[in-house]
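**Student:** Quick one: this structure, given as structure tokens, is what I'll be asking you about.
The values are calculated or read from the model by the stated rules, or taken from the named source; none is laboratory data. Keep in mind that this is a model prediction, so the values were computed, not measured. Note that each Cβ is placed from the backbone with ideal geometry, even for glycine, and that neighbours are counted across all protein chains shown. Accessible surface is based on the protein model in full, side chains and every heavy atom, while ligands, DNA and RNA are left aside. Shrake-Rupley method; radii C 1.70, N 1.55, O 1.52, S 1.80 Å.
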Amino acid sequence: MPESEDSTEGEWQVVGATVAGRSHRTAGKGNEDALAVGALPGGGHVLALADGAGSAAQAAEGAQLVVSAAVELVLANSAVGASLLLEVVTDLRRLLAVKARSSRLPPRQFASTLLLALVDGARVSALQLGDGAIVVQDEDGWSRLTAPQRGEYASETSFLTSPGAHRRAKVVSRPLDGVRSLSLLTDGLEPLALDIAGDRPFAPFFDPLAGFARSGGSEEDLREFLQSDRVQARAHDDLSLILAVRSR
């Protein structure tokens with residue numbers, strides 16, 4: 001599964017990219033985010049984004065394994081919807097446990113968050129486990145589709161390998177009517193993309209990007225934007241973004 005990809009199939013256009021953040025480059029670390037996109041037979045899409053835990057030795061490998069497997073699990077299942085997304089969490093935890101045993105490492109060394117969205121012909125369903133955000137645009141503007149997950153401490157989050165992760169995962173489903181755009185982003189972009197005080201998406205950030213995606217913007221151009229000085233100056237962690245927009 002490629003790191004990111006473009007799609008113009010059906011009514012939706014999808015573009016995504018992920019780049020290393022300033023702090024990781026300074027420390028000589030690579031990008032520990034990963035993303036994957038899959039097209040459903042009926043014209044919908046499954047979108048997956050993961051942020052490997054900074055304290056995990058195999059964070060990048062864990063994140064890539066999570067997004068690739070999440071998309072494959074959804075595409076292999078004939079049923080779609082919110083209940084399927086929770087099943088995916090259980091399957092991913094099992095998969096990470098197997099990987100850890102084969103690598104002779106504790107599962108926490110592959111720890112990763114998960115943002116997962118499913119757009120079919122009638123509904124959009126989303127799952128969030130850990131930090132980051134899934135936001136949606138409709139006739140009322142931009143809003144968070146999934147609620148933020150806050151720990152007791154500012155830097156605390158949940159991972160797929162955390163105890164009770166399947167209970168912490170939050171799933172939301174809503175009718176597709178009125179939905180114009182959908183976006184998934186890791187926490188590295190939160191300082192630019194979210195109004196933290198009001199805990200709402202920052203429309204001046206998303207509106208131009210939705211227009212960019214709707215006009216056929218490429219993964220290369222999106223990656224260039226994420227690597228630009230104006231973005232990197234306000235963000236330290238790895239930066240990942242998936243945009244899905246209705247083309248009509």
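**Student:** Scan region 154-209 for residues that are without any contact (Cβ under 8 Å) to a residue 24 or more places away in the chain and closer than 21 Å to Glu32 by Cβ and jot them down.
**Tutor:** Answer for region 154-209, where residues must be without any contact (Cβ under 8 Å) to a residue 24 or more places away in the chain and closer than 21 Å to Glu32 by Cβ: Ala154, Ser155, Glu156.
**Student:** Let me ask you something else. Just to verify a result, which residue in region 21-44, among those that are at pLDDT 90 or above and assigned to a loop (DSSP other than H, G, I, E, B), is least open to solvent (accessible area, probe 1.4 Å)?
**Tutor:** This residue is Glu32.
**Student:** All but one of (1) among the small types (Gly, Ala, Ser); (2) on the phi > 0 side of the Ramachandran plot; (3) not in a loop (DSSP other than H, G, I, E, B) hold for Ser83; state the number of the condition that does not hold.
**Tutor:** (2)
**Student:** Find the strands (runs of 3 or more DSSP E) located wholly in region 117-220 whose residues include 3 or more that are closer than 16 Å to Ala48 by Cα, and list them.
**Tutor:** Ranges flagged: 123-129, 133-138, 170-175, 181-185.
**Student:** I'm trying to understand the selection: among the residues of region 47-72, which are open to solvent by 60 Å² or more (accessible area, probe 1.4 Å), part of a helix (DSSP H, G or I) and touching a helix residue (DSSP H, G or I) at 6+ places or on another chain (Cβ under 7 Å)?
**Tutor:** Selection gives Glu61 alone.
**Student:** Answer yes if at least one residue in region 153-160 is among the β-branched types (Val, Ile, Thr), modelled with pLDDT of 90 or more, under 16 Å from Gly130 (Cβ atoms) and touching a Gly at 6+ places or on another chain (Cβ under 6 Å), and no otherwise.
**Tutor:** So far as region 153-160 goes, no, none of its residues is among the β-branched types (Val, Ile, Thr), modelled with pLDDT of 90 or more, under 16 Å from Gly130 (Cβ atoms) and touching a Gly at 6+ places or on another chain (Cβ under 6 Å).
**Student:** Keeping to region 173-184, report how many residues are of a type in the set (A, V, I, L, M) and open to solvent by 50 Å² or more (accessible area, probe 1.4 Å). Break it down stepwise before answering.
**Tutor:** Kept after step one, since they are of a type in the set (A, V, I, L, M), are these residues of region 173-184: 176, 179, 182, 184.
Those left that are additionally open to solvent by 50 Å² or more (accessible area, probe 1.4 Å): none.
Matching residues across region 173-184 total 0.
**Student:** For region 99-116, which positions are part of a helix (DSSP H, G or I) and open to solvent by less than 10 Å² (accessible area, probe 1.4 Å)?
**Tutor:** Of everything in region 99-116, those that are part of a helix (DSSP H, G or I) and open to solvent by less than 10 Å² (accessible area, probe 1.4 Å) turn out to be Ala100, Phe110.
**Student:** Quick one: which residue in Asp187, Asp195, Asp140 is among the charged types (D, E, K, R) and touching a Gly at 6+ places or on another chain (Cβ under 6 Å)?
**Tutor:** So the residue among Asp187, Asp195, Asp140 that is among the charged types (D, E, K, R) and touching a Gly at 6+ places or on another chain (Cβ under 6 Å) is Asp187.
**Student:** Six or more apart or on different chains, Cβ atoms under 7 Å: show the pairs whose first residue is in region 64-90 and within 25 Å of Val19 (Cα to Cα) and whose second is surrounded by 16 or more Cβ atoms within 10 Å (Cβ to Cβ) and hydroxyl-bearing (Ser, Thr, Tyr).
**Tutor:** Every condition considered, the pairs that remain are Val66/Ser112.
**Student:** Further, regarding this structure: Find all pairs meeting these conditions: Cβ atoms under 7 angstrom apart; at least six residues apart or on different chains; first residue within region 8-35 and within 21 Å of Val67 (Cβ to Cβ) and of a type in the set (Val, Ile, Thr); second residue in a loop (DSSP other than H, G, I, E, B) and at pLDDT below 80.
**Tutor:** Val14/Asp6; Val15/Asp6; Thr18/Glu3; Thr18/Ser4
Listed here are the residues, each with its yes/no results for (1) closer than 21 Å to Gly130 by Cβ; (2) more than 17 Å from the chain's Cα centre (by Cα); (3) of a type outside the set (Asp, Glu).
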| position | (1), (2), (3) |
| --- | --- |
| Val179 | no, yes, yes |
| Ser183 | yes, no, yes |
| Thr186 | yes, no, yes |
| Glu190 | yes, no, no |
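**Student:** Next up: Just give me the residues in region 229-248 being outside any strand (DSSP E or B) and buried (at least 24 other Cβ atoms within 10 Å of the Cβ), in sequence order.
**Tutor:** Asp238
**Student:** Can we say Phe225 is aromatic (Phe, Trp, Tyr), at pLDDT 95 or above and open to solvent by less than 20 Å² (accessible area, probe 1.4 Å)? Even if it seems obvious, please write down each step before you answer.
**Tutor:** Working: aromatic (Phe, Trp, Tyr): yes; at pLDDT 95 or above: yes; open to solvent by less than 20 Å² (accessible area, probe 1.4 Å): no.
So Phe225 does not fit the description; no.
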